[in-house]
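The structure appears right after this line, and notes come after that.
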Amino acid sequence: MKSIKAKRTVQKMRKYDPPTSSRKGKLRMDFNENTSGCSPKVIEALREINMEDLSSYPEYSEIRKKLADYLNVDFSEIVLTNGADEAINVVMQTYLDKGDEIVMPTPTFVMFEVVASIIGAKVKQVLYNDDLSFPAEEVIKNIDENTKAVILVNPNNPTGTAIRNDDLIKIVEKASSNGVNAAVIIDEAYYQFYGKSAKNLIRRYGNIVILQTFSKAFGLAGLRIGCIISNKDCISEISKVLSPYSVNAAAVTAVKAALDDIDYVDRYILEVKQNREWLRKELGNMGIKTFPSDTNFIVADFGSICDLVSEELKQKGILVRKRTEYPKLKNCIRITIGTKKQCLQLVNEIKSIIKKAPTRSLVLPKVLLFDMDGVLADVSRSYRKAIKMTSEYFTGQEIKDKNIQEIKQEGGFNNDWVLTKELIKRKGKEVEFNKVKTKFQELYLGKNYDGLILNEKLVLSKNILKKLTGQYILGIVTGRPRDEAEFFLKNSGIKDLFSTAICKEDVGEKEKPDPLGLVIAMERIGMKEGVGSIRDAYYFGDAIDDMKTAVKAGLIPIGVIPPGIDSNDGKVLKTILINNGAKCVLEDINNIQEVLR
Ligand SMILES: *Cc1c(COP(=O)(O)O)cnc(C)c1O
C-alpha cells in the first residue's frame, strides 16, 4: 500500500515530540506545570458537572465575561482557545501566508517554529544575548517591510527572561511604522509570575495580539485552556479561524471556579518566586551558574556534568528538561520551580550526584568582583574633581591632582569625604567633617543628580562586560552609597549585568580594607564554600586597600590603573599595588581577558 503524500511544507518538517506518557507519579520539574496543582475549588466544581453539561455544546458568554473582568479588558477583546498552543496556531494562521517573514528571538517556545513550518513562513532568528537577556536592538534592526509578524515570548521560555517595557513599545512601534505592517504576537504564558502584561496597550496599537494560558500558574494544563487578547477587530478576524467549540465544557467549569479563587493562585505564585531565588542560591553554592528568571522555572548551566545530572535525576524519579541542543543553552537544564519540599529534594539529589561525579568534570564559574571608582567608572572628573573643588573652597589654595593621588597612595582613605578632610588639614585648615561632606555632596550630586556625577563615564566597555557575563559571575563591591552606585550603573546601562552590588550601606562601619564587603558579595552570589567548591574569584581595584581586602577575603587581587592619572604616578601606583598583593596590574581594564586566561 502506498500512502498519500502530505503537503510539501509538512513533508519537510521534523516532528516535535514532547512526551505524552510516563510522567505521572514522578516529580515533574520538566514542563513548567504547577507542581502542587490547581485550587481544590476547581475539583469540587468539576464533581458537580451533570449530564446536560456534557451532552450539549459548551457555552462561553459567562466565562468570557468573567475572564474579561479578571484581565480588566472588554468582553469583545478576548476569545478562549484550546490552550495557548491553539492560540499560537490560530493567530499565525490568521496573519501569515506562505513565504511571509517572521522575526523570532531564539531560543524560544518551539510551537511558533512548528506552525511557521506548516504555513511555510520564513523565520528570521535573532539570538538572545549571552546572558540570556532580550536582544532588543537586534530585533528592532531586523524588522522591515517584509516582516509580517514578530514573536515575543514575554517572559521567554526557555530562557526565563523578560522584555523591558520600553523595548517592547519600540518593537511594536517599529512593526507599525511607515511601510511596515507586522503583527506583534506576545506569548504571556508566564504572565502571572511576571506580573506585567501588554494588554493595556491593545487600544493604543492595532498590531498587538496577546496569548495567555491556564496551564501554568493556574495548574490546569490537563484541561487545555488559554485565551487571546487583542483589539476587537483583530479578535473578530481571529475568531473566523478558530473552531467554534474548541474549549470543552469541563474546562469552562474549571476556569470559572479557578477565577473565583484567585487568592489560591496568588499564594502559589508568591511561594514559587521565593523558592526560585532559594534554589538559585543553593545551586550557586554548588558552583552551578543559573540565570535570572521572571517565570516559574530557571535555566542552570551544569557544564560537563549536564548529561550525568539529568540522567541520574531521572533514575531518582525527578524529571528536568535538558535544553542543550538550543543555541546559547549548551550544557543547560531547565528546571520548573516546585514547592519548598520538592526543591529541597532536588537540591539534595544534585548534591549527592556532584559528590559522586569525577571532581574535575564540574567546571566552576569564576567570579569577578569589581571596585567601582577608577575601575568601572572614570571618576577623574567627578569624585576627584569634587575632592579638588571642596578642598579649594575651604583652603582658598589650588589643589593639584598630584596632591590627591599622593594621599590615595598612602592607603587608608577609601572614603572620599575623609580624604578631603585630611587634604584640607594638610593644607593647614581644620574643617568639621559634616561641613566637608555637605559641600562635597553639593558639588558631586548637585540638586538632583545634576552635579559632577554626570561627568562619570564607563571605563570598561559594555560589550566586553556583556561577554564576561556569559562566562563569569560578575559583582560589584564599592564604598559608594547605594543610590550613587545605582545611578552610575543605570546611567551606563550595565546594571543587569551584575549578579550583586555591595555598597556602603551593606557593610556599615566595616569599610575596606575590612573584607566584609567581599564576603557578603560571595555569599549573595551563592559562592560560599559548598560541595566541592574551590573556585577562582578575582577582585579588581585601583587602591592599596582593594588589594589588602582581596587578600584578606581569600580572593585574587588584580590591580587596575585608573584613567586620567599621569604615567609617572601610574608607575608608582603599579609598584604599590604589586607590593600589596596584586597578582598583576592592568594599565587598562579593557585588557581584562589577559588576566583571565
Ligand atoms: C507552556 C507554554 C505554552 C502552551 O500552553 P498551553 O496553554 O498548555 O498550550 C505556550 N507558550 C509558552 C511560552 C509556554 O511555555
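The values are calculated or read from the model by the stated rules, or taken from the named source; none is laboratory data. Computed from a prediction, not measured in an experiment: that's the story for all the values here. Note that each Cβ is placed from the backbone with ideal geometry, even for glycine, and that neighbours are counted across all protein chains shown. Ligands, DNA and RNA are excluded from the accessible area calculation, which covers all protein heavy atoms including side chains. Shrake-Rupley method; radii C 1.70, N 1.55, O 1.52, S 1.80 Å.
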Residue match in region 171-188 (condition: assigned to a loop (DSSP other than H, G, I, E, B), open to solvent by less than 10 Å² (accessible area, probe 1.4 Å) and either β-branched (V, I, T) or within 16 Å of the ligand (Cβ to nearest atom) (or both)): yes
Go through the residues of region 468-488 one by one and say whether even a single one is aliphatic (A, V, I, L, M), out of contact with any strand residue (DSSP E or B) (no Cβ under 7 Å at 6 or more places or on another chain) and part of a helix (DSSP H, G or I). no
Hey, any hits in region 331-351 for a residue that's part of a loop (DSSP other than H, G, I, E, B) and buried (at least 20 other Cβ atoms within 10 Å of the Cβ)? yes
Scan region 135-150 and tell me whether some residue there is at negative phi, in contact (Cβ under 8 Å) with a residue 12 or more places away in the chain and touching a Ser or Thr at 6+ places or on another chain (Cβ under 7 Å). no
Every listed condition ((1) touching a residue at least 60 places away in the same chain (Cβ under 8 Å); (2) in a loop (DSSP other than H, G, I, E, B)) holds for I464 save (2)
What's the total number of residues in region 375-433 that are open to solvent by 40 Å² or more (accessible area, probe 1.4 Å) and of a type in the set (V, I, T)? 1
Output the number of the condition that D166 fails; it satisfies all remaining conditions of (1) away from the ligand (no atom under 16 Å from the Cβ); (2) more than 22 Å from the chain's Cα centre (by Cα). (2)
G226 is checked against (1) free of Cβ contacts under 8 Å to residues at least 24 places away in the same chain; (2) touching a Gly at 6+ places or on another chain (Cβ under 6 Å) and fails just one. What number does that condition carry? (1)
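Run down G219, G160, G206 and say which single residue is assigned to a loop (DSSP other than H, G, I, E, B) and more than 16 Å from the ligand (Cβ to nearest atom).
G206
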Among the residues of region 27-65, which ones are more than 16 Å from the ligand (Cβ to nearest atom), part of a loop (DSSP other than H, G, I, E, B) and open to solvent by less than 80 Å² (accessible area, probe 1.4 Å)? S36, S39, I49, N50, S56, P58, Y60
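Which of the residues spanning region 1-26 are away from the ligand (no atom under 16 Å from the Cβ), within 20 Å of I333 (Cα to Cα) and at pLDDT 85 or above?
K26
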Within region 210-219, is there a residue that is of a type in the set (V, I, T) and closer than 15 Å to N34 by Cβ? yes
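For every residue, the table says whether it meets (1) within 16 Å of the ligand (Cβ to nearest atom); (2) open to solvent by less than 30 Å² (accessible area, probe 1.4 Å); (3) under 28 Å from the mean Cα position of the chain (by Cα).
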site: N200; (1), (2), (3): no, no, yes
site: G226; (1), (2), (3): yes, yes, yes
site: Y268; (1), (2), (3): no, yes, yes
site: N275; (1), (2), (3): no, yes, yes
site: W278; (1), (2), (3): no, no, yes
site: M286; (1), (2), (3): no, yes, yes
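Residues are listed down the side, and each one gets a yes or a no for (1) in contact with a Cys (Cβ under 9 Å, 6 or more places away or on another chain); (2) assigned by TED's automatic domain parsing to the domain that holds T253; (3) over 18 Å from V184 (Cβ atoms):
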residue: A84; (1), (2), (3): yes, yes, no
residue: A87; (1), (2), (3): yes, yes, no
residue: G99; (1), (2), (3): no, yes, yes
residue: M104; (1), (2), (3): no, yes, no
residue: V110; (1), (2), (3): no, yes, yes
residue: P135; (1), (2), (3): no, yes, no
residue: T147; (1), (2), (3): no, yes, no
List the strands (runs of 3 or more DSSP E) inside region 66-153, counting only whole elements, that have at least 1 residues being within 16 Å of the ligand (Cβ to nearest atom), under 30 Å from S499 (Cα atoms) and open to solvent by 10 Å² or more (accessible area, probe 1.4 Å). 101-106
Which one of these does G195 not meet: (1) surrounded by fewer than 23 Cβ atoms within 10 Å (Cβ to Cβ); (2) within 14 Å of the ligand (Cβ to nearest atom); (3) small (G, A, S)? (2)
